[in-house]
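Undergrad: One structure is given below, represented as structure tokens, and several questions about it will come after.
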Amino acid sequence: MAVVGGRGRQALRGVALALATVTVGGGEAAAQSEPGIGIAQAQQRSFDIPPQPLAGALAAFGQQSGMQVSISAGLAQGVSSPGASGALTPAQALDRLLAGTGIVYRITGNTAMLQRLADSGSGALQLDPVQVQGVAVPPQAIIDNVPPPFAGGQVATGAQLGLFGNKGVMNTPFSQTSYTAETVENQQARTVTEVLANNPSVRMATSETSFVPSTYIRGFFVAPWDVSFNGLYGVLPGQTISADFVERVELLLGPSALVSGMPPQGSIGGMLNIVPKRAVETPVTRVTTNYAMNSQFGGHVDVGRRFGDNKEWGVRFNGSYRGGNTAVQSQSQEMGLLALALDYRGERARLAVDLGYQRQYATAPFRNFGINPGIAIPAAPSATSNVAQPWSYSDIEDRFGSLRGEFDISEEWTVYGVLGGRTTRSNTIGGRPTITNAMGNLTNPIQYIPFLNQTDSEEVGIRGRFDTGPIHHQVSLVANRQFTVTSNQYPTLTTVTSNIYNPTFVAVPNVPFLNPNRASDSLAYSYGFGHTMSGADDRVQLIWGLRQQQIESNNYNNASGVLTGSYSSGALTPAVGVVVKPWENVSFYGSYMQGLQPGSIVPANFANAGQVLPPFVSNQFEVGAKVDWGRLITTLALFQITQPSGIANASNNTFSADGEQRNRGIELNAMGLLTDSVRVLGGVTFLQGRLQKTGNALTDGKVATGVPDVQLNVGLEWDTPWVRGLTLTGRAIYTSAQYYDNANTQQIPSWVRFDVGARYGFEVEGRPLSVKVNALNVGNNNYWESANSLFGLAMGAPRTVLVSLSADF
């Protein structure tokens, strides 16, 4: 596999971007059917196809029915389907999907052939030729079974839900959003974290120009390592993740211990899952050149092809490089990516291989600011300023991959297995600045950090479906394992006295060469069972499950290699949810889910020293409603999450996990089409974070740090009527004030940011091209983005202009 050499400075000349969907399509008038052939097609199946463009509806029908769909290319353009759900035969499902479209069908064997109904003047039917075929996989499959986009194309109709497999958004008793590759491309998102700027429940915990982007979700910190790849942890790059090879960015809000097990770092605010691009029926060759201010240039190539008599072999390659100076003083960044996705899909067996290499290099990398207690937080400096030493740097190399196989025992049952792993190696020279007074003075110890993280993960499972009378069942059984070894060192080279408004720069100190030494290793494994019961034509659904989670870990003195502590414990985590649909397009739901974090060993200075505390169990209760208006989905969620925390009891000098942070919230979201030419994506979140049972009168009942009362993200896109192909975009992001410390004596003010953009699609000699321009923080506002005494003050990013030109070949 190729390497980006010289600390990431050897350019990989970009290798492309694409999206692919099966083209299937409609017309106008009433649907009619001809008699089917085959007993199997008279059997009822469970369908969950929401109203959407007809192309996506027919792709979902092919996936859920196990049938092939044949239709003339372009027939679905501009046509919408009313959708179909419930226990139906394929013919009944097609009747509902095609109602009012003017499309007729004929079922022959395992193929549904769709044609336009036309009046020739003599009363005879004239049929368009059949040209395009869909691909059949059972609904419980993961490979080649990505839920189709919803109206507007910015989000999908469903997402992976761990051991439950793919679930439609209207059938999920949780809050989930799946952002599409189209959204990634149109917004010119360079990293996965940038995609989350569309969600009002997410805020950055570190500066957006940081080399380790972290987030808060529902007011809780989410580590960058806690991102899964097709539901499996321990595969993706552990810090920044390039968005150039991503088909879906799937976000599940709240704890998720049942869904995919305990995340490596125990994050409970939400679960982020990445689905990679794969080859589709239509060949893809897209080349993109891009620019970001001040002087970052790059390119991206995306190539996909399918081969074989039945298109059973697929290859998708993404390669990209960008590098140059950012809008931040003294800072340059480079990132190179190579990602290869191979897959095979036979009649009963499917195989997918994903291989990736990513290299990042940054000079003067950003870190959050700490601040001493008892002083007022100074106003944020210029967003372009930088206290990092110009000679400091971060060099991060990731090699990652996975192998997934699926085999259909029958039409209803599928077994699968997946292997994955990652090696992250980095060298960093960077500071940990702490503000010492209200004038912005600071001390900045500069550390040299060699780092190595090696992880391997495995999972096996079975998913299936069956009926007992009028009740439809979907069940899954899974077992997984993850082993991680972390090595590092943290020597301090020098300490710089500086100021956030007037930085001080010093000469490069002597930097010794050090290898990272083992600091810790951990083994996590779990066994899970999930069950979905559906009745009353899928109008009532009960979703529940159990997972037994075990974790074993060892800590070492990374200078001597001596074992300093061991930990072993486990927990049984349940979850349950109910979905009720009084009408086909309306869902009411309620759910309970737990989150797990590794426990700890009580330190030596307490009377109960050495006691092994069990895993911290967080609890979430959520109720809500979702309405599918046909081309627009609106959601309402009310939730409460309680997270245990460690406290010291002064009366008996013991340490326990009896403290608690309780976050309550209300979320309102909308996504889809407001009109034929206007798309909306975003919403508002109201939060109430409180510290409870702290054992300290100064902090008990106080507002939790880093939890604002209001977070708002609203994005709009408008296809202009006067210039065909021209789209104007805008997004507003608002965050209310936040406390930095538990006693609520240090606070940052509210802030607002506006993003604007435009894109223009056109053709040159029949070749599609697209120009995109996006300006983030167009007002160049200076602000503290987030505040937390554990993770510091994060600065907002300066105005950044992004420009790209894409061409399809």
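The values are calculated or read from the model by the stated rules, or taken from the named source; none is laboratory data. Remember, it's a predicted structure, so these values are computed and weren't measured experimentally. Because the Cβ atoms are built from the backbone with ideal geometry, glycine has one as well, and the counts that use them run over all protein chains shown.
Undergrad: Look through segment 264-316, keep the residues that are more than 23 Å from residue 238 (Cβ to Cβ) and of a type in the set (Lys, Arg), and return whichever of them is nearest to the chain's Cα centre (by Cα).
TA: Top of the filtered list is 278.
Undergrad: Now for a different question. Residue 553 - would you say it is in contact with a Ser or Thr (Cβ under 7 Å, 6 or more places away or on another chain) and either surrounded by fewer than 17 Cβ atoms within 10 Å (Cβ to Cβ) or closer than 30 Å to residue 481 by Cβ (or both)?
TA: yes
Undergrad: Let me ask you something else. Out of 732, 807, 737, 794, which single residue is over 25 Å from residue 680 (Cβ atoms) and under 24 Å from the mean Cα position of the chain (by Cα)? So that I can check it myself, show each step before the final result.
TA: Working: 732 fails: over 25 Å from residue 680 (Cβ atoms); 807 fails: under 24 Å from the mean Cα position of the chain (by Cα); 737 fails: under 24 Å from the mean Cα position of the chain (by Cα).
On inspection, the qualifying residue turns out to be 794.
Undergrad: Looking at 513, 505, which one is assigned by TED's automatic domain parsing to the domain that holds residue 795, surrounded by fewer than 16 Cβ atoms within 10 Å (Cβ to Cβ) and at pLDDT 95 or above? Write out each step before concluding.
TA: Working: 513 fails: at pLDDT 95 or above.
Within the list 513, 505, the selection yields 505.
Undergrad: When the residues of segment 362-387 are narrowed to those that are in a loop (DSSP other than H, G, I, E, B) and among the hydroxyl-bearing types (Ser, Thr, Tyr), which ends up nearest to residue 429 (Cα to Cα)? Don't jump to the end; show me each part of the working.
TA: Just the residues of segment 362-387 that are in a loop (DSSP other than H, G, I, E, B), to begin with: 364-365, 367-368, 372-387.
Among the residues that remain, those that are also among the hydroxyl-bearing types (Ser, Thr, Tyr) are: 382, 384-385.
Numbers: 382: 23, 384: 21, 385: 19 Å.
My answer is 385.
Undergrad: Where in segment 735-809 are there strands (runs of 3 or more DSSP E), lying wholly inside it, with at least 3 residues that are within 19 Å of residue 299 (Cα to Cα)?
TA: It comes to 751-764, 767-776, 800-808.
Condition check ((1) modelled with pLDDT of 85 or more; (2) more than 33 Å from the chain's Cα centre (by Cα); (3) exposed (fewer than 15 other Cβ atoms within 10 Å of the Cβ)) across all residues:
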| residue | (1), (2), (3) |
| --- | --- |
| 564 | yes, yes, yes |
| 581 | yes, no, no |
| 593 | yes, no, no |
| 596 | yes, no, no |
| 606 | no, yes, no |
| 616 | yes, no, no |
| 628 | yes, no, no |
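Undergrad: Return the pair list, or none, for Cβ contacts closer than 8 Å from residues in segment 225-243 that are free of Cβ contacts under 8 Å to residues at least 12 places away in the same chain and surrounded by fewer than 24 Cβ atoms within 10 Å (Cβ to Cβ) to residues that are part of a loop (DSSP other than H, G, I, E, B) and among the basic types (Lys, Arg), at least 6 apart or on different chains.
TA: Between residues of segment 225-243 that are free of Cβ contacts under 8 Å to residues at least 12 places away in the same chain and surrounded by fewer than 24 Cβ atoms within 10 Å (Cβ to Cβ) and residues that are part of a loop (DSSP other than H, G, I, E, B) and among the basic types (Lys, Arg), there is no close pair.
Undergrad: Name, by its number, the condition in (1) under 26 Å from residue 266 (Cα atoms); (2) among the hydrophobic types (A, V, I, L, M, F, W, C); (3) buried (at least 17 other Cβ atoms within 10 Å of the Cβ) that does not hold for residue 446.
TA: Evaluating residue 446 over (1) under 26 Å from residue 266 (Cα atoms); (2) among the hydrophobic types (A, V, I, L, M, F, W, C); (3) buried (at least 17 other Cβ atoms within 10 Å of the Cβ) leaves (1) as the failure.
Undergrad: From the list 625, 609, pick out the single residue that is hydrophobic (A, V, I, L, M, F, W, C) and without any contact (Cβ under 8 Å) to a residue 24 or more places away in the chain.
TA: Numbers: 625 fails: without any contact (Cβ under 8 Å) to a residue 24 or more places away in the chain.
Of 625, 609, the one residue that is hydrophobic (A, V, I, L, M, F, W, C) and without any contact (Cβ under 8 Å) to a residue 24 or more places away in the chain is 609.
Undergrad: Same structure again: Out of (1) modelled with pLDDT under 95; (2) in a strand (DSSP E or B), what's the single condition that is false for residue 338?
TA: Single failed check for residue 338: (1).
Undergrad: Going by the structure shown, is residue 255 crowded, with 23+ Cβ neighbours inside 10 Å and closer than 24 Å to residue 402 by Cα? If you could, list the steps in order and put the result at the bottom.
TA: Values: crowded, with 23+ Cβ neighbours inside 10 Å: yes; closer than 24 Å to residue 402 by Cα: no.
So residue 255 fails the test.
Undergrad: While we're looking at this one, here's another question. Checking residue 81 against (1) more than 32 Å from the chain's Cα centre (by Cα); (2) modelled with pLDDT of 70 or more, which test does it fail?
TA: Of everything listed in (1) more than 32 Å from the chain's Cα centre (by Cα); (2) modelled with pLDDT of 70 or more, residue 81 misses just condition (1).
Undergrad: If the requirement is being in a strand (DSSP E or B), charged (D, E, K, R), in contact (Cβ under 8 Å) with a residue 40 or more places away in the chain and within 30 Å of residue 554 (Cα to Cα), which of these qualifies: 397, 406?
TA: Details: 406 fails: within 30 Å of residue 554 (Cα to Cα).
Going through 397, 406 in turn, just one is in a strand (DSSP E or B), charged (D, E, K, R), in contact (Cβ under 8 Å) with a residue 40 or more places away in the chain and within 30 Å of residue 554 (Cα to Cα): 397.
Undergrad: In segment 263-316, how many residues are among the small types (Gly, Ala, Ser) and assigned by TED's automatic domain parsing to the domain that holds residue 341? Give the derivation first.
TA: Filtering segment 263-316 for residues among the small types (Gly, Ala, Ser) gives 266-267, 269-270, 279, 292, 295, 298-299, 304, 308, 314.
After this cut, where a residue has to be assigned by TED's automatic domain parsing to the domain that holds residue 341 as well, the list is 292, 295, 298-299, 304, 308, 314.
Summing the residues that are among the small types (Gly, Ala, Ser) and assigned by TED's automatic domain parsing to the domain that holds residue 341 in segment 263-316 gives 7.
Undergrad: Being at pLDDT 95 or above and out of contact with any Pro (no Cβ under 6 Å at 6 or more places or on another chain) is the filter here; which residues of segment 341-359 pass it? Don't jump to the end; show me each part of the working.
TA: Going through segment 341-359, the residues at pLDDT 95 or above turn out to be 341-344, 349-359.
The answer is 342, 343, 344, 349, 350, 351, 352, 353, 355, 356, 357, 359.
Undergrad: Which count do you get for residues in segment 631-677 that are at pLDDT below 95, over 30 Å from residue 741 (Cα atoms) and surrounded by fewer than 18 Cβ atoms within 10 Å (Cβ to Cβ)?
TA: 3
Undergrad: Among the residues in segment 386-402, are any crowded, with 20+ Cβ neighbours inside 10 Å, of a type in the set (Lys, Arg) and at pLDDT 95 or above?
TA: No, that holds for no residue.
Undergrad: Pick out the one residue from 682, 689 that is surrounded by 15 or more Cβ atoms within 10 Å (Cβ to Cβ), at pLDDT 95 or above and on the phi > 0 side of the Ramachandran plot. Break it down into steps so the answer makes sense when it comes.
TA: Working: 689 fails: on the phi > 0 side of the Ramachandran plot.
Result of the check over 682, 689: 682.
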